[in-house]
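Here, each number is a calculation from the coordinates, and none is a lab measurement. Remember, predicted model here, so these are calculated numbers, not experimental data. Cβ placement follows ideal geometry from the backbone for every residue including glycine, while neighbour counts extend to all protein chains displayed.
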Amino acid sequence: MNTMMIVDAHLDLAYNAVRGRPVLLAASQQPADEQGTPSVGLADLVRGGAALICGTLFCEPFSDTAADGYRDSAGAAQQMQRQLDWYQDQFQAGRMIPVHNREDVRRLAERWETEAAQRAGKKNYAAELLQLGFPEPPRPPDPLPCIILMEGADAIESAAQVARWFVAGVRMVGLAWRQSRYAGGTGHPGPLTAEGRKLAAALDAIGMIHDVSHLAEQSFWELLDITAGGVAASHSNCQAIVPGDRQLSDAMIRALGKRVGIIGINFYDRFLLPPSARSARATLEHVVAHVRHLCDILGDASHVGLGTDMDGGFGREHLPRQIESWADVSRLADALAAAGLSDQDIHGIMGRNWIQFFRANLP
């Protein structure tokens, strides 16, 4: 049983559940579908020792490749509400527990620290029981702590609706996925719109965290100029290694560091592999390369975390080859150690940096 605190700041559990994946099961028990072989299930997160996740609300705008996508804000709100209802069902069933504020994170972290030694000790206890011929008694899993993240803000019909989503539990918001009426996004360069500026102010006023992972670069810089709230990139990698507007430039990375933000490393192979290596299978060493670049640009590891996005529209065929399911994410710690990172830095990257960030930036 893993005793390292692991935080994953980007998982699309509800999106996958609503479209039909049995995400409460282990990935190995879920059938493959048009997006590939599943790699994330609630059972994998529990087995892998997830201390906290950010569970997304996500839907695509209508396009030639997304015929069931939303066509307006009301449609986006309807789709995201179905996903929000799924999270609420898990909270009520005791499978997951909502994380809403700094106090929730403080209690979560203190409980984890208190129980870490107990979890480590249970390995020895279980071995002693087996030697005596007694199996270790089963223990029901603890509910999985979850912060709800809205990936693309079109579901917020106006700045006046921010409070409604906040009361419903949303604590992080990305203004755009591709392009929204609020901002330019991935593949769609552009600035914040007038509505986007109003929405950013409303998010700040209520205490929402800004997720910049999909913002167009112009929108990114404009948002940092006008917002005083917490800012993070939940699931982004380095443009210096993988060119393209989906990644962060070195200047953007430095800016997030100055704002005491966090960058969550994405495990998707297209965001890990440089163009010269696209024919190869990604490995955890490619993840380490992005981590090291972030550390080099920022000066230390304190602004680096995980945002694996492992269930974000692709299968395990596009993950580092050492990763079969989310339960294997802890293997990254070994790869970081092999690359010479300190224990303190490894614990920070695997989870403690996100915990510190949320303790400082949640309401």
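The helix-based estimate of mean residue ellipticity at 222 nm for the chain, built from -39,500 (n - 2.57) per DSSP H run of four or more residues and divided by its residue count, is -12000 deg cm²/dmol to the nearest 500. State the Cα centre-to-centre distance between segment 183-259 and segment 18-60 in whole Å. Using only Cα atoms, the two centres lie 27 Å from each other.
Pairwise alpha-carbon distances in segment 168-245 exceed 21 Å for 21% of all pairs. Relative protection proxy for 281-293, 169-181, 344-356, from highest mean packing down: 169-181, 344-356, 281-293 (other beta-carbon atoms within 10 angstrom). Treating r as the C-beta distance of residue 194 and residue 131 and R0 as 45 Å, the FRET efficiency rounds to 0.05.
Taking θ as phi - 60° and the Karplus parameters 6.51, -1.76 and 1.60, the scalar couplings of segment 168-178 work out to 6, x, 5, 10, 10, 9, x, 5, 8, 10, 8 Hz in sequence order, x denoting glycine and proline. Taking a sphere under 13 Å around the Cβ of residue 289 and counting the other residues whose Cβ falls inside, with K and R at +1 and D and E at -1, yields a net charge of -2. One chain, two ends: residue 34 and residue 66. Fully extended at 0.36 nm per residue, the span grows by 10.2 nm beyond their Cα-Cα distance.
Only one item in (1) 21.9; (2) 20.6; (3) 25.4 matches Kirkwood radius over Cα pairs in Å derived from the coordinates shown, and that item is (2).
Taking Cα atoms only, the orientation of helix 102-132 departs from the longest principal axis of the chain by about 30 degrees. What does the C-alpha gyration tensor say about the overall shape of segment 264-321? Classify as rounded when a/c is under 1.5, otherwise prolate if a/b is larger than b/c, or oblate. In terms of gyration-tensor shape, oblate.
The phi torsions of segment 76-90, fed into the Karplus equation with coefficients 6.51, -1.76 and 1.60 and a -60° offset, translate into couplings of 5, 4, 5, 5, 5, 5, 4, 5, 4, 4, 5, 4, 4, 4, 5 Hz, rounded to whole numbers, with Gly and Pro shown as x.
Classify segment 19-82 as rounded, prolate or oblate from the Cα gyration tensor: take a ≥ b ≥ c as the square roots of its eigenvalues, call it rounded if a/c is under 1.5, otherwise prolate when a/b beats b/c and oblate if not.
On the way: a/c = 3.20, a/b = 1.72, b/c = 1.87.
Oblate, because a/c is 1.5 or more while a/b does not exceed b/c.
Could you list the residues of segment 143-182 with an amide nitrogen less than 16 Å from a label point located 7 Å from the Cα of residue 92 in the Cα-to-C-beta direction? Output list for this probe position: 168-169.
How much net charge surrounds residue 28 when only the other residues with a Cβ under 12 Å from the Cβ of residue 28 are counted, with Lys and Arg +1 and Asp and Glu -1? Mind showing how you got there, number by number?
Values: positive: 47, 316; negative: 44, 324, 328.
With Lys, Arg at +1 and Asp, Glu at -1, the neighbours total -1.
Only one residue of 223, 109, 287 has its Cα farthest out toward the positive end of the dipole of the chain, where Lys and Arg carry +1 and Asp and Glu -1 on Cβ, and that residue is 109. Across segment 251-363, Cα-Cα pairs more than 18 Å apart make up 50 percent of the total.
Which of rounded, prolate, oblate describes segment 68-116, given a ≥ b ≥ c as roots of the alpha-carbon gyration tensor eigenvalues and a/c under 1.5 marking rounded, otherwise prolate only if a/b is larger than b/c? Judged from the Cα gyration tensor, segment 68-116 comes out prolate (a/c at least 1.5, a/b above b/c).
About the Cα centre of segment 158-219, what is the dipole size in debye to 20, counting +1 per Lys and Arg Cβ and -1 per Asp and Glu Cβ, all else neutral?
Numbers: 6 positive and 4 negative charges, 36 e Å.
Once rounded to the nearest 20, the dipole reads 180 debye.
Please get the size of the charge dipole for the chain, origin at its Cα centre, with Cβ charges of +1 on Lys and Arg and -1 on Asp and Glu, quoted in debye to the nearest 20.
Numbers: 33 positive and 42 negative charges, 84 e Å.
In total the dipole reaches around 400 debye.
Taking Cα atoms only, the orientation of helix 284-298 departs from the longest principal axis of the chain by about 60 degrees. Under the simplified labelling scheme, the residue 25-residue 164 pair shows an inter-label distance of 3.6 nm, with each label point 7 Å from Cα along Cα→Cβ.
Computed extension length for residue 281-residue 360: 24.7 nm, one decimal, from 0.36 nm per residue of separation with the Cα-Cα distance subtracted.
What is the extension gain from residue 258 to residue 205, computed as 0.36 nm multiplied by their sequence separation minus the C-alpha to C-alpha distance, in nm to one decimal? The partial results should precede the final answer.
Numbers: separation 53, 0.36 × 53 = 19.08 nm, distance 2.12 nm.
Result: 17.0 nm gained on full extension.
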